[in-house]
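Remarks on the structure that follows.
The values are calculated or read from the model by the stated rules, or taken from the named source; none is laboratory data. Treat the numbers as computed from the prediction; the structure is a model and nothing was measured. Here the Cβ positions follow ideal geometry from the backbone for every residue, glycine too, while neighbour counts run over all protein chains shown.
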Amino acid sequence: MSNSHARSHSSPAPPIDGSAASSSAIAQPLLKFDSLEISSLEASSLKASSLKASSLTDFSDALPPFIQPLLTLISDLVYVYDRVAHRLMLINDDQMAAVLGDCLEGLQSPSIAALSARVHSEDWARVQTYLAQMLGESSDEHEVEFRLRQSNGKWRWLRSRDRLLSRTPDGLPWQRLGLLTDITHQKQTDPTAQPTASVEQQMALVSKQATHFARMLSQSLDLKDILNTAVDQVLQIFQADRVLIYRLFENGTGSIIVDAIAEGCPTISGHPPPESIFPIADRPTSSAGWVYSLSSPEAESLSEHSRSVLRRLGVRAMLVVPMMQQDTLWGWLVVHQCLGDRTWQKWETDLITQLAGQLDLAIAQSELYQQVQRLNVDLERQIQARTAELRLASNFEATLKRITDKVRDSLDEDQILQTAVQELAIATEISCCNAALYDLEEGTSTVRYEYTTTVSPYQGRTADLAAFPEIYGPLLNGQSLQFCSLVPNPVRGRVSMLATPIMDDQGVLGDLWMINHAFYAFGEQDLRMAQQVANQCAIALRQARLFQAAQAQVRELEKLNQLKDDFLSTVSHELRTPMSNIKMAIQMLELILRQAGILDSTTELEPNRVNRYFKILREESQREISLINDLLDLSRLDAGADALHLSSINLAGWLIPLLRPFEERTRNHQQSLQIRLDADSLSPLITDLAKLERVVTELLTNACKYTPAGGEIWVEVKRLEAGGQRQEEGEEGRGKNEEGRTKREERRGKNEEGRTKREEGRTKREERKRRLEAGGQGQEKGVGREDREELPFQGLVIPKLQIRVINTGTEIPLIERDRIFEKFYRIPNNDPWKYGGTGLGLALVKKLVMCLQGTLELDCADGQVQFTVTLPLQPE
């Protein structure tokens, strides 16, 4: 862009003002263009130019005498640039008016920044390059041609040439001598002498300006900001006086929607017609890319009317380009030059076309953005409306759930109706709500509960259904109704009412009324709420009535069960004495027959018949006696009348003999019986020995009965910690705590006395049992808490004992597991050995374990059945 020329010169002369400059002064940073001061030799000569004076008399004195007369003969403006003082000094400022004309009028400061506003935009890049070279340290000669705008708007062509005048003692450039020449006439008479940029340079300039323009427009999506930015940028790029955008509307009218005006140019206000802004007859309506340019009002193509319009607007030159949106003329972008004529260059028309295209795109993007914003607003409004609906529905569901939960929490009819009525009235914010139940046999409706804040209460009021057929007719048919009585009620006055039936699939149970002031209209939401609450009330009322019926049936069944238990207990007591006598008679008969040699003898006709009959008699009588004893034991356990007879048990010494009878039985059935216990880790157990033996015996009998041939039976005994975990005392005690082993040995020695006492107690119990079977007094005296102090190992505290009986080869169906502990219940088709039974064994085991303050658990998995008995080592 620079039009400067470089030439080689000899060493420059010393400074013409005779001053000296140090290298340090030159080394300081150069000032920017906008701070460069222009001074002259004579202050009086600067007044006419409105420039600030700076007296440099010593500089004029330093000029040779023959130079001063020569300056009067030079038509150029001579200046010296001092790089040390950073000043531009005018030598013959009397030529300023001849060279610059009125280009400096109106400037408040003679700085380069002030002059740059008057430089033609096409030439500013070259001027910048020239100034950078002049202010630098170059010793070459430079030249630039440029245009300055005068106050009348016309352009004045100037040429500035300079060369190095003097150097500092260090040899650095100090002063430059320059000439500023007016070449306007030369440019006008010889167009070929005008500097023209290459096509590539023009295209680069257009592209650069268009890119900058697009970047400025892209900073906002607001249409008003975009249009304001557009006119401001176009005004600055074209150095124009007025830029406006004229918007065309669908009805054919138009308006100036935005404009930018340079200083001193009049504004155009109001809504002028298009011909006032664009005064030509052939205005395009839809041609994209069409540009109209006018260099002077004296153009032959303009009518006198158009010229008068332009004179009235103060327009000397203008550019007009259409603005299109979707192949439709949206408006015009208009550039006015008001201070003088202007010949528009091709690159300017190309640039205005590109800028208009960028503006069209920005407007389209803005309108799309506005559409998106409107869509977002509409969507937000829809979302808010939908959110309100969802919130209302959520509140509806929450209220309904709260009412439903409260209604179903009760099985009392009055409580159900009270909760429903109160919650419904509070949720819907109405004056009154009541619920009534129908007696269809009597044909009446009775208000069972009412919640009211303002109206008079009706609770307890009974109405005849037949007396109000217009109301109760639809309700009995399952229809809701809303009405306002024409005749004011003598008690409540005129009110608005909504009635909903309380009904289920079996019929109408009652009704639910919502009452409010007369001018209130119940909406769809109120009706849905009332119907849903009425449905929940119907379900709750039906459940309450079914529960009452079930409770009555349960009480009746409990009564029958108690009668059955009483009957069994009575019959058992009544049968026990004769069965004991029968048993004794069988024993005596056996003794007599053996003495007579009849029981063991065989005859030729009936060999062993007597033995077989006698065996049947003995076994069946024993079976009946066992059944009677089980029934009596269960009766005592149910009544809580069976006390504990506590004693200390050595588990290993007690369990092994107990299991010996089952060894032969399992061998006969080809079963395997195994015992798992750690005698060293087991402490003595304080419990009721007879009850514990009965529990283990019944569980082993049950295991032998239901284990097939080839199956296995385990009996496992272990000690549990307080939290239910087994104490690994054997390993730790043997390896790390010899003292613990010594204490156990001492404890075993001290327990010998306890064993002796247990043997004596066992003998006494057997005697009492024999007396009981013989018909003696039934119940022994139990051991109370005061008797525990006499037992050995009373102070020994071990948490719990666990006994597990496991058998394989069978599983109990899930549906049967909860019933096997019921009285007289036997699992069908699950007895491979066909032993039979009464179904009292496991029921008795459960009762005995509870009496021993323990727990009984059943687990079935992987072809195994496991009964787990957990007992405290010392019951409370």
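Filter segment 511-529 down to residues that are assigned to a strand (DSSP E or B) and closer than 15 Å to residue 485 by Cβ and give me whichever is nearest to the chain's Cα centre (by Cα). Ranking the qualifying residues of segment 511-529, first place goes to 514. Of all the residues in segment 303-343, those that are in contact (Cβ under 8 Å) with a residue 40 or more places away in the chain and of a type in the set (Asp, Glu) number 2. Selection of first residues in segment 115-135 that are farther than 19 Å from residue 233 by Cβ and of second residues that are in a helix (DSSP H, G or I) and small (Gly, Ala, Ser), restricted to Cβ pairs under 8 Å at least 6 apart or on distinct chains, gives the following pairs, ordered by first then second residue: 127/116. You will find that of 683, 648, the residue that is under 24 Å from residue 873 (Cα atoms) and either touching a Phe, Trp or Tyr at 6+ places or on another chain (Cβ under 6 Å) or free of Cβ contacts under 8 Å to residues at least 12 places away in the same chain (or both) is 648 and no other. Condition first: more than 25 Å from residue 840 (Cβ to Cβ), of a type in the set (Val, Ile, Thr) and surrounded by fewer than 20 Cβ atoms within 10 Å (Cβ to Cβ). Now tell me which residues in segment 659-706 satisfy that. Selection gives 675 alone. In the condition set (1) surrounded by 19 or more Cβ atoms within 10 Å (Cβ to Cβ); (2) in the same structural domain as residue 212 (by TED's automatic domain parsing), residue 404 is compliant with all but (2). Of 562, 536, all but one fail to be in contact (Cβ under 8 Å) with a residue 12 or more places away in the chain and polar (S, T, N, Q); the exception is 536. Scanning segment 846-857 for residues that are surrounded by 15 or more Cβ atoms within 10 Å (Cβ to Cβ) and in contact with a Phe, Trp or Tyr (Cβ under 8 Å, 6 or more places away or on another chain), we see that the one that is farthest from residue 801 (Cα to Cα) is 846. Kindly indicate the residue of segment 233-273 that is under 21 Å from residue 148 (Cα atoms) and of a type in the set (Asp, Glu) and also modelled with the highest pLDDT among those meeting that condition. My answer is 241.
Restricting to segment 340-352, and then to whatever is more than 16 Å from residue 236 (Cβ to Cβ) and either surrounded by 20 or more Cβ atoms within 10 Å (Cβ to Cβ) or among the hydrophobic types (A, V, I, L, M, F, W, C) (or both), can you tell me which residue is nearest to the chain's Cα centre (by Cα)?
347
Listed by first and then second residue, the pairs with beta-carbon distance under 6 Å, at least 6 apart or on different chains, first residue in segment 615-632 and not assigned by TED's automatic domain parsing to the domain that holds residue 580, second surrounded by 15 or more Cβ atoms within 10 Å (Cβ to Cβ), form an empty list. Could you tell me which numbered condition residue 156 fails, if it satisfies all but one of (1) at pLDDT 80 or above; (2) over 18 Å from residue 187 (Cβ atoms); (3) touching a helix residue (DSSP H, G or I) at 6+ places or on another chain (Cβ under 6 Å); (4) not aromatic (Phe, Trp, Tyr)? Tallying (1) at pLDDT 80 or above; (2) over 18 Å from residue 187 (Cβ atoms); (3) touching a helix residue (DSSP H, G or I) at 6+ places or on another chain (Cβ under 6 Å); (4) not aromatic (Phe, Trp, Tyr), residue 156 fails exactly one: (2).
Of the strands (runs of 3 or more DSSP E) that lie entirely inside segment 438-494, those containing 3 or more residues that are more than 21 Å from residue 505 (Cα to Cα) and within 53 Å of the chain's Cα centre (by Cα) span 444-452, 481-484. Filtered by the rule that a residue be in a strand (DSSP E or B) and polar (S, T, N, Q), segment 252-266 gives a lone residue, 255.
So that you can scan it fast, the table gives a plain yes or no per residue for (1) exposed (fewer than 15 other Cβ atoms within 10 Å of the Cβ); (2) over 29 Å from residue 823 (Cβ atoms); (3) among the small types (Gly, Ala, Ser); (4) within 60 Å of the chain's Cα centre (by Cα):
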site: 619; (1), (2), (3), (4): yes, no, no, no
site: 625; (1), (2), (3), (4): no, no, no, no
site: 628; (1), (2), (3), (4): no, no, no, no
site: 633; (1), (2), (3), (4): no, no, no, no
site: 638; (1), (2), (3), (4): yes, no, no, yes
site: 646; (1), (2), (3), (4): no, no, no, no
site: 653; (1), (2), (3), (4): yes, yes, yes, no
site: 657; (1), (2), (3), (4): yes, yes, no, no
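Do we find a residue being modelled with pLDDT of 80 or more and among the β-branched types (Val, Ile, Thr) anywhere in segment 579-587? Yes; the residues of segment 579-587 include at least one that is modelled with pLDDT of 80 or more and among the β-branched types (Val, Ile, Thr).
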